[in-house]
Amino acid sequence: MRYLIEHTTEYEYPQPASEAFSELRLVPRTDKRQRLIRSQIQVNPAVLLENYVDHFGNFVETFSIPFRHRQVSVTSRCEVETLGFKDALRGLDLTVNEARSLYQNWCLELFDYLQPSCYVVFSPRQTELSRKLLPDRSSFVEAVLQLNHYIYRHFRWSPGATDVTSKADELLGKNEGVCQDFSHLMIGLLRIAGIPARYVSGYIESASDAEGRPALIGAAASHAWVELFAPNGHWIGLDPTNDMTEGESHIRIGYGRDYFDVPPLKGTYKGSDRQRLSVVVRVSRNQRLT
């Protein structure tokens, strides 16, 4: 499927900022699951964009504004084709404990995805829940799918209940959050069980049902889900916000240990400690090609 994506972020300051610097992770990846056809980034005020590829292979663009300004606007427009891929969980007839022993073959490559990270901090409550949901002798495939379903059923999607600095234990206390929180919790539970997991940042199709209500949660903004490394050598995408596996409706920008590694936009500025932020994301199928 081909998708058209427009993502606009605006910052407004009550008093002029004297300078600013930002990093952007807004350009979707090209890999076995999708193909970037075209992309364009527009920054206002107009400044020069530079780019590099980070430690995780994500494409990053940077800009600085070395003069006074009251507003910054960043708009990303791109077209992406998502590709069909086989269910990599099929045929994995082994237990969680057997899967864990096989990860020794990739111990160096997977090290970062088995450790605590900035927003994935292990705790006694998470350890207890991980042991309950991912017992050693359970079927690997059934256990990870049931974990995905458990988070979907037990935690309510509620924008504003948490913020970008929230950690998984806060979700356990509130039982509500957003896709970022659900992903962080799932990653922590998997890592505690010895299953490598990473955070994926991207978008999900803004599909609607017959009555016009969004069919998938998280389509109104940047989306996040989880990839776990299976013993067959494949990364498997699971979306606990929607209780589904990653499919052609998911568009991947990048991945890392958690949100800290792949925020769509982050930066710093000199000026007032108050700002107004607005974000608008539109994801639609290219109807001429589908």
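Applying the set (1) under 24 Å from S278 (Cα atoms); (2) assigned by TED's automatic domain parsing to the domain that holds A224 to V120 leaves exactly one unmet item: (1).
Which residues, taken from the range 9-30, are of a type in the set (V, I, T) and either surrounded by 15 or more Cβ atoms within 10 Å (Cβ to Cβ) or touching a Phe, Trp or Tyr at 6+ places or on another chain (Cβ under 9 Å) (or both)?
In the first step, residues of the range 9-30 are kept if they are of a type in the set (V, I, T); the result is 9, 27, 30.
Residues satisfying the conditions are T9, V27.
In the range 73-110, how many residues are out of contact with any Gly (no Cβ under 9 Å at 6 or more places or on another chain) and part of a strand (DSSP E or B)? Total meeting the criteria: 10.
Each row is one residue, and each column tells you yes or no for (1) farther than 17 Å from H55 by Cα; (2) of a type in the set (S, T, Y); (3) at pLDDT 90 or above.
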residue	(1), (2), (3)
T245	yes, yes, yes
S249	yes, yes, yes
G254	no, no, yes
R257	no, no, yes
K266	no, no, yes
D273	yes, no, no
V281	yes, no, yes
S284	yes, yes, no
R288	yes, no, no
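Residue under question is L238, and the condition is that it be crowded, with 19+ Cβ neighbours inside 10 Å and either modelled with pLDDT under 95 or part of a helix (DSSP H, G or I) (or both); does it hold? When the stated conditions are applied, L238 does not pass them.
Specify the residue that is surrounded by the fewest Cβ atoms within 10 Å (Cβ to Cβ); the eligible residues are those in the range 37-50 that are closer than 22 Å to Y3 by Cβ and touching an Asp or Glu at 6+ places or on another chain (Cβ under 8 Å). Outline the logic, then answer.
Going residue by residue through the range 37-50, those that are closer than 22 Å to Y3 by Cβ are 37-42.
Okay, now just the ones that are also touching an Asp or Glu at 6+ places or on another chain (Cβ under 8 Å), so 37-39, 41.
Working: I37: 16, R38: 9, S39: 16, I41: 17.
It comes out as R38.
Just to be sure before I move on: is E6 exposed (fewer than 15 other Cβ atoms within 10 Å of the Cβ) and within 16 Å of R282 (Cα to Cα) in the structure I sent?
Values: exposed (fewer than 15 other Cβ atoms within 10 Å of the Cβ): yes; within 16 Å of R282 (Cα to Cα): yes.
Yes.
For S117, the stated conditions hold: it is within 22 Å of L189 (Cβ to Cβ) and either of a type in the set (S, T, N, Q) or modelled with pLDDT of 95 or more (or both).
Would you mention how many residues in the range 206-234 are more than 23 Å from L277 (Cα to Cα) and either modelled with pLDDT of 70 or more or not assigned by TED's automatic domain parsing to the domain that holds E109 (or both)?
Residues that pass the stated criteria total 11.
If you take the residues in the range 228-275 that are small (G, A, S) and in contact with a Leu (Cβ under 7 Å, 6 or more places away or on another chain), which one is farthest from V72 (Cα to Cα)? Can you show your working first?
As a first pass, look at the range 228-275 and keep what is small (G, A, S): 230, 233, 237, 247, 249, 254, 256, 267, 271-272.
Next, from what is left, pick out any that are in contact with a Leu (Cβ under 7 Å, 6 or more places away or on another chain): 230, 249.
Working: A230: 42, S249: 30 Å.
Once the filter is applied, the top-ranked residue is A230.
Scanning the range 123-158 for residues that are touching a residue at least 24 places away in the same chain (Cβ under 8 Å), under 28 Å from A221 (Cβ atoms) and not in a helix (DSSP H, G or I) yields S123, F155, W157.
Which one of the conditions (1) surrounded by 15 or more Cβ atoms within 10 Å (Cβ to Cβ); (2) of a type in the set (K, R); (3) without any contact (Cβ under 8 Å) to a residue 24 or more places away in the chain does K167 fail to meet, given that it meets all the rest? K167 satisfies every listed condition except (3).
The values are calculated or read from the model by the stated rules, or taken from the named source; none is laboratory data. A quick note: this is a predicted structure, and the numbers were derived from the prediction, not measured. All Cβ positions, even for glycine, are placed from backbone atoms using ideal geometry, and neighbour counts span all protein chains on display.
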